[in-house]
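**Q** Below are the structure tokens for one structure; questions will follow.
The values are calculated or read from the model by the stated rules, or taken from the named source; none is laboratory data. No experiment lies behind these values; they were computed from the predicted model shown. Methodologically, a virtual Cβ is constructed for each residue, glycine included, from the backbone with ideal geometry; neighbour enumeration extends over all protein chains shown.
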Amino acid sequence: MIPSGIAKRYADALFSTAMRKNIAGEIEDNCKQFVELLTMNPGFKQYILSPQVRTEQKLALLDSSLGGSVSPMFMRFVHLLIQKERFAFMEEIAAAYIELHERHRGIQKAVVVTAVPLDESLKQKLITKLEQETRKTIRLKTRVNPEIIGGMIVILNNTIIDGSVIFKLERMRSTLREVKVY
């Protein structure tokens, strides 16, 4: 997922502040916990997003719900999002923050699309190969798309390596169309 400009700016600001205060890992944990809370309690999120609820009531609910379970800096950050009416971006901001922190720790996200599910040994071989190529720790996500027929598509950073059968067939079709027959 590519974060919106708003989410990226807030995540960058949160990350730089957390790095200065040497609590980046703690804030990452807070982001994960808070997103889990929002996922498990959709009513909580709806209440915070509701225009009929006063800001003071939203902040009071937030304080009573999270209390001392998150860092004071994270709590101030969520307060800011509510006051600036940016809370709708919270999950996106949290995802962008986590990605920033992982990148800082040398963890690289890779997505692999295959026609059939990969077994664990193939996943491990692929992770090992990608780690050798990038010299980073790889966090692999897999997706299945039968339309690619076979092979795989690897998405790493902004690079797409398309080794799918459908791509090769399309390329072959394009080449054959360019051939002039006399």
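**Q** Within region 104-127, restricting attention to residues that are closer than 21 Å to Val165 by Cα and not aliphatic (A, V, I, L, M), which residue is surrounded by the fewest Cβ atoms within 10 Å (Cβ to Cβ)?
**A** Residue satisfying both the conditions and the ranking: Asp119.
**Q** Name every residue in region 31-82 that is more than 22 Å from Ala18 (Cα to Cα), hydroxyl-bearing (Ser, Thr, Tyr) and more than 23 Å from the chain's Cα centre (by Cα), in order of residue number.
**A** Correct list: Tyr47, Ser50, Thr55, Ser64, Ser65.
**Q** Could you list all residues from region 38-48 that are surrounded by 13 or more Cβ atoms within 10 Å (Cβ to Cβ) and out of contact with any Lys or Arg (no Cβ under 9 Å at 6 or more places or on another chain)? Before the answer, list the steps.
**A** The first filter runs over region 38-48 and keeps only residues surrounded by 13 or more Cβ atoms within 10 Å (Cβ to Cβ), leaving 38, 44-45, 47-48.
Result: Phe44, Lys45.
Yes/no per residue for (1) in a strand (DSSP E or B); (2) under 24 Å from His101 (Cα atoms); (3) modelled with pLDDT of 95 or more:
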site	(1), (2), (3)
Leu130	no, yes, no
Ile160	yes, yes, no
Leu169	no, no, no
Ser174	no, no, no
Arg177	no, no, no
Tyr182	no, no, no
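**Q** What single numbered condition from (1) at pLDDT 95 or above; (2) more than 20 Å from Leu38 (Cβ to Cβ); (3) touching a helix residue (DSSP H, G or I) at 6+ places or on another chain (Cβ under 7 Å); (4) not hydroxyl-bearing (Ser, Thr, Tyr) fails to hold for Val144?
**A** Condition not satisfied by Val144: (3).
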